[in-house]
Protein chains: 2
Amino acid sequence: MEAAPPAMPELADDTTSIPSSRGEGDQSHHPRTLIRAIVGAIDAHDKKRVVVGGWVRTGRRSSSLLAFLELNDGSCQQNLQAVVKGQVYGDLRRLTPTGTSVLLEGVLEKLDGAKHKQLIELQVERVIDVGEVDARVYPLPKTKHTLEGLRDIPHLRPRTDTIAAVARIRSELAFATHSFFRGEGFLHVHTPIISTSDCEGAGEMFQVTTLFSQADKVEKELKENGAAPSEADIEAAKLVVREKGDAIARLKAAKVAGKQEISAAVLELEKAKEIVSSLEAERLRLRPGIQRKDDGTISFENDFFKRPAYLTVSGQLQAETYACALGKVYTFGPTFRAEKSHTSRHLAEFWMVEPEMAFADLQYDMDCAERYVKHLCRWILDHCREDMEFMVNHHDRTAIERLELVSETPFERISYTKAIKILEDADKEFENKVEWGIDLASEHERYLTDVVFEKPVIVYDYPKEIKAFYMRLNDDQKTVAAMDVLVPKVGELIGGSQREERLDILKQRLIDGGLALGPYEWYLDLRRFATVKHSGFGMGFERMLLFATGLDNIRDIIPFPRCPGKADL
Amino acid sequence: MEAAPPAMPELADDTTSIPSSRGEGDQSHHPRTLIRAIVGAIDAHDKKRVVVGGWVRTGRRSSSLLAFLELNDGSCQQNLQAVVKGQVYGDLRRLTPTGTSVLLEGVLEKLDGAKHKQLIELQVERVIDVGEVDARVYPLPKTKHTLEGLRDIPHLRPRTDTIAAVARIRSELAFATHSFFRGEGFLHVHTPIISTSDCEGAGEMFQVTTLFSQADKVEKELKENGAAPSEADIEAAKLVVREKGDAIARLKAAKVAGKQEISAAVLELEKAKEIVSSLEAERLRLRPGIQRKDDGTISFENDFFKRPAYLTVSGQLQAETYACALGKVYTFGPTFRAEKSHTSRHLAEFWMVEPEMAFADLQYDMDCAERYVKHLCRWILDHCREDMEFMVNHHDRTAIERLELVSETPFERISYTKAIKILEDADKEFENKVEWGIDLASEHERYLTDVVFEKPVIVYDYPKEIKAFYMRLNDDQKTVAAMDVLVPKVGELIGGSQREERLDILKQRLIDGGLALGPYEWYLDLRRFATVKHSGFGMGFERMLLFATGLDNIRDIIPFPRCPGKADL
C-alpha cells in the first residue's frame, strides 16, 4: 500500500491539550495521535513516542512471543501496523481477533519501503486498554459482508471499510459545502424543520404531534384512577333511560295512573337522560386527545402548535425571506417525504442544500450551481483521494474519472425545447413518449448526459405546467425560468429556478394551481414590499454522494436510513 | 462610521462568474459586488465600475435633482451611500422610502475621510431595478421596532439591523464549529432526526406520524363515495333492534301470541342485531387511520414506520455508534422538546452541537469543551467585530468584554462536592436549599461564575442520582463522570460526560433507572463488542448565541422560533 500523504486539513496536534487543573486522584490523561497524522508525515514521526487507539482490522500471532496488529482508527483508510511482544503483554491471543479495540503506547519506527509493505510501524511498549471481541458471536466477522446485510446492523456497520469511507467523504462534502458558500459571501441560515407551510405539495408530509401521547396519558390516568365513565357505564345509564320511558308508556297504556304519577315518572326520565349526557360529556372531557371536527376531520386545537404542523419538505420558501433581506443565503438541513417508495434512490429523511440569492436571474443561478458542483468534485479529489481509490477498487472503477470530468468540463446548457428536439431526432426508441410538455424521464436524461453530450447538462426553461407555482413565468407565457442540472450516473442532481418576483403574476399562478392565497400571504409580502429578482436551487446531498462514491443504494450513503417501515435506532 | 475592514473570509469576487453558454435572448447577467467587499478594500475599489444591490435604510432627496441612499445588502452591518442624480433616474421619490430594494450600476469614489462620514460612495449611472415600498402599509417603517413586535413578522424581521447582525453571527458560529472540529480530526456525522430511540427521557417528545392524513383521506373518500355507514345509520339500526325487542316484550306481556309468532319476532331481532354489528365492523374497517389496541392505547401498525417514531431529543446515542468505529465524530443538527415552556430560554426546536470521542476520558472531554468554547469566542471577535460593536451599542455593553474574558482565561474546574462546599460556606442566602445531592439551580451557577470565580467554571463528578444512566460510574459508587460548563450570563452552556463503557454496570444502571433493556440492546452492543472508553458533550447552539450576542430572548436568536402554539411559516 502506498503511503501517500492523505490530503486532509492541517490537523491540530492531538497531543497538545490544554493543561488541566483537574487532578483529584483521576487516572492520567492519554493524548492520542491519529493514524492520519502519522502516515501523512512519516519522517516527522520516526522514533516518536505516541499513544494510538484503534480497532484491529487483522491480527496475527507469529508465536506466543509476537503479535502483529493492523490497526485502523477511522481517521483514514490506511492501517498502522503495531507490533506487540509477549513480554509487553502476556495474553496476545486477546488482542488479535478482528474488531478488537486497543489503546497502545509505543515508539514509531520508519521501515525500509523496499522490504516492507508498511512504511512505518508502532513498536508497542504498553497496552493501555483492550476492548475484547468474542469472534464466535461478533456480528462483523472477518469475512466479506454485503452492503445489504450491513443495513441490519446500522450501529456496527461504520466499523467496515466501505461505510467508514462513505462517512469520511460525506463529512468532507459537508465541509466543502460550507466553505464554498461562505467563500462566495453566503450566510448559512437554519430554516425550520417543523413547518406549518407546505412548499407547494412537494410530496406527502409527516405530521408532528403530541396528541397521541396526550391521548395515551389520559387513557392511563383514566385506568389508574377509575375516574372515567366506561362505555359500559354509559350503556347502563342509557338502559335506565329506556326503562323509565317504558314505564311511562306502560302507565299511559294502563290508563289507571293519575296525572301526578305520570309527571313524577317523566321527571325521573329527564333525570336519567341528564345522567347519560353528563357521563358522555365527562368521557369526552377526559379523552381530549383526538377529537374530530363536525366535518369528520381531526381537530388539532389541543395539539402542541394548536394547528397541524409538518416536517419540512424544503427550506426554500423560508430561505427566500432571508435572501430578500440579506442577499445571499443557503440552508443545509434535513428534509422529509412520507412517500411509500422502496427504491434505492428514495429516503423518508434526507439532507438538502438550498442556496437562495437576491438580485440573481436564472443565468446567475446556473452559474452558481455549476461552480458549486465543480467545487465539490474538486474538493473530493483533493481531500479524499485515498477513500476514492478504495471506492474505485471495490465499487465503481469510473468514480474518480467521473469526478475529474465534471470538475473540469464546462456544463452544456440547452433549453428544454432544444432538449425535446434532440430527443425527438434521436436514433433511439424511448420507453416514454417524447413530446413538448412531458417531464423528462431518466432514460431521456441519461441519453442527453451519457450519449449526446458526454458531460453534465443543464436544461432550462421548462413548460410551466410541469413546474411549481413560484417559478418565474417567461415572456413566452408558456415556459418558466427553471433549470435542472443533469449529471452522468444519477441524472438530476440539482433543480432550481428564478422565482416569480411579480406580485400579480405570482397570485395568478397560485390561483391557477388551485392553491389558496391565505397561507401564502407572508410569501406574497416578499413581493408586495421591495420585491427583488431572486433565484435559488436545491441539491439532494445524498444524490451528490451517490454520484461521487459510485455506490448504488442511497441507504448506504446516510448513517441511519429512514424508509417505510424502517427507522432503526 | 469607521470603515475598518470587517474581518471576514477572503471573498470570491462575485464579478468573475464562469462564462455562460446561455444566450437565447435572455436579459444580460448583472454581476454584483457585495458592500462588504467594497468597504473592506476601499482603495482597491476607488474609481471602479460596479453593480450593487441592496435595500435602502435611509433615503433623502436634496431636491428633485439629487437623492442620497444609504444602502445595505446584508453582507455587513455597514451601509454604502449611493448618489443618484435626477438626470439618471427621473422619479427619485420612488427610490427613497425605507426598505426599497434597488439594483444600481455606477462608479465608486473614495471620499476625503476628514470631510465625510462615508469613506467611499457610489455615483450611480444606471438604476437597473427598483422594488417599491408603500411606506403607508409597510410593516417595517423607519421608526424603532421592539424585538418582541418583530417576532410577529418573522418573514420581514431579517430586514432589521439587529436580526441581520444575529444572522451573520449565527452563520459565522456555525462555520467556526465546523472548522474547529474538522481541525481536530473529527468527522461530521448526520444523526437521524426521526428516531425510534429515546435518549433516556431527556424530555417530552414530538411524535412523527402519517395516521392523521390517512384518517382524513379515508374520511374524505367515505364522504365522497357515500360508502361508509354514518353514526346516524348505526343509530337507526340500533333503534330497529330496540323496536324489535320492545315488540317481543309486548307479545310476551299480552300473552296472546303463539310460540311461532314469538320465535319469528326473536329471529327478526337477531337479524337486526347482526345488521348493527356488520355496520359497526364496516365503519371500523373503513376508518383504519387511528385504531386503539386492546389496552386502550393507540395502535401504530398502520403508521409510516409501523411503530411510534419521534423527533430526536439528542443525537448522542447514535453518534456513539460512529465514535466507537471512527474515533472522533460530531453531530450538529436540530433537536426537539415538546415541553410547554413559555420562557425566554426554551424552544421546541433548537440546534445542538454534540461531539463524541473514543479513547477519551472526562478530562479529555473537559479539555475539548474548553478549547471549543474558546475557539468560538475568538472566532466571533475576529470575524464579527462590526456586528459585535453593534450589539454592544444597542443591546449589551459587556458583550465584547465577555467574549474576551472567556477566550483568554483558563476555566476553573471544581468537583461537584467542592462546589457544594463553596455554596454552603457562602455568605449569601440562596432561595434553593444547598446540600449534597441537589441539582445546581441557576442562582448557584451564577454565584460560582459571577461572584466566586468571575470566569467560566467546569463542575464535574455529579451525584449519580441526578444524572443519566449512560454516564460513567466513578469508583466512589456515588458520583458519575459528568461535567457541566457554566459561563457568565447564561449559566450552563455545555453538559457532558464520560460514557459508561462497562457492559455489566451499564446494564445495572439501566435497570436501576427503571428502563427496559430491550430497546437499548444496540447501545449495549457497543460495550459487548470491542468496548472503548469514550466521552462527549452537548452544546445548545442558541445558548451560545445568547451568550455571545447578549440578547435575552432565545426567540430572537433562531430564524423561525417554534414554541407552544406558535410555528409561523
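Net charge dipole, chain A: roughly 1400 debye, given to the nearest 20, about the Cα centre with Cβ charges of +1 for Lys and Arg and -1 for Asp and Glu.
Averaged over the residues of peptide A:174-186, the number of Cβ atoms from other protein chains lying within 10 Å of each residue's Cβ is 5.
Between the helical axis of B:503-512 and the longest alpha-carbon principal axis of chain B there is an angle of about 70 degrees. The C-alpha atoms of the stretch A:76-178 occupy a region whose extents along the principal axes are 45, 36, 26 Å, arranged from largest to smallest.
Using a 1.4 Å probe on protein heavy atoms, which residues of the stretch A:355-389 have at least 30 Å² less accessible area in the complex than alone? Output list: A:Phe359, A:Asp361, A:Gln363, A:Tyr364, A:Asp367, A:Arg371. Pairs of Cα atoms in chain A fall into 20 Å distance bins, from 0 up to the last occupied one, in shares of 16, 36, 27, 15, 5, 1, 0 percent. Candidates B:Ser63, B:Ile438, B:Gly106 compared by Cα position along the dipole of the protein assembly as shown: farthest toward the positive end lies B:Ile438, with charges placed on Cβ. Roughly how tilted is helix A:211-225, in degrees to the nearest 10 and between 0 and 90, from the longest Cα axis of chain A? The two axes meet at around 60 degrees.
Contact residues in the stretch B:123-149 (at least 30 Å² less accessible area with all protein chains than alone, 1.4 Å probe): B:Asp129. For B:Asn302, nonlocal amide neighbours, meaning residues 5 or more places apart or on other chains whose placed amide H falls under 5 Å from its own, do not occur.
Counts of other chain beta carbons within 10 angstrom of each beta carbon in peptide A:343-351 average 2.
What does the accessible area per residue of the protein assembly as shown come to in Å², with a 1.4 Å probe and no ligands, DNA or RNA counted?
Values: 46570 Å² over 1138 residues.
In whole numbers, the protein assembly as shown has 41 Å² accessible per residue.
For chain B, the longest principal axis of the alpha carbon atoms and the long axis of helix B:161-183 meet at an angle near 80°. Estimated from helical segments only, the mean residue ellipticity of chain A at 222 nm is -11000 deg cm²/dmol, where each DSSP H run of four or more residues counts as -39500 (n - 2.57). When the square roots of the Cα gyration tensor eigenvalues are ordered a ≥ b ≥ c, the ratio a/c for the stretch A:501-541 is 1.5 or more and a/b does not exceed b/c, which makes its shape oblate.
Under the criterion of Cα pairs below 8 Å and six or more residues apart, the relative contact order for chain B equals 13 percent.
Classify the stretch A:429-569: rounded, prolate or oblate, from the alpha-carbon gyration tensor (a ≥ b ≥ c, eigenvalue square roots; a/c under 1.5 rounded; otherwise prolate if a/b is larger than b/c)? Oblate shape, in that a/c is at least 1.5 and b/c is the bigger or equal ratio. Within a straight-line Cα-Cα reach of under 30 Å, B:Lys85 can be paired with the following lysines, leaving aside sequence neighbours fewer than 8 residues apart in one chain: A:Lys328, A:Lys533, B:Lys47, B:Lys48, B:Lys110, B:Lys115, B:Lys117, B:Lys142, B:Lys144. Taking the chain by itself as reference, the stretch A:537-569 contains these residues with an accessible-area loss of 30 Å² or more in the full protein complex (1.4 Å probe, heavy atoms): A:Pro559, A:Phe560, A:Arg562, A:Gly565, A:Ala567, A:Leu569. Here the stretch B:451-500 and the stretch A:488-516 have alpha carbon centers that stand 51 Å from each other. Within the accessible area of chain B, the carbon and sulfur atoms contribute 49%, probe 1.4 Å, all protein chains present. Structural descriptor for the stretch A:106-191: relative contact order 13 percent, calculated from alpha carbon pairs under 8 angstrom and at least 6 residues apart. Summing both sides, the accessible surface hidden between B and A at a 1.4 Å probe radius is close to 13100 Å².
The values are calculated or read from the model by the stated rules, or taken from the named source; none is laboratory data. Model, not experiment: these values are computed from the prediction. Because the Cβ atoms are built from the backbone with ideal geometry, glycine has one as well, and the counts that use them run over all protein chains shown. Keep in mind that these areas ignore ligands, DNA and RNA; they rest on the heavy atoms of the full protein, side chains included. Shrake-Rupley method; radii C 1.70, N 1.55, O 1.52, S 1.80 Å.
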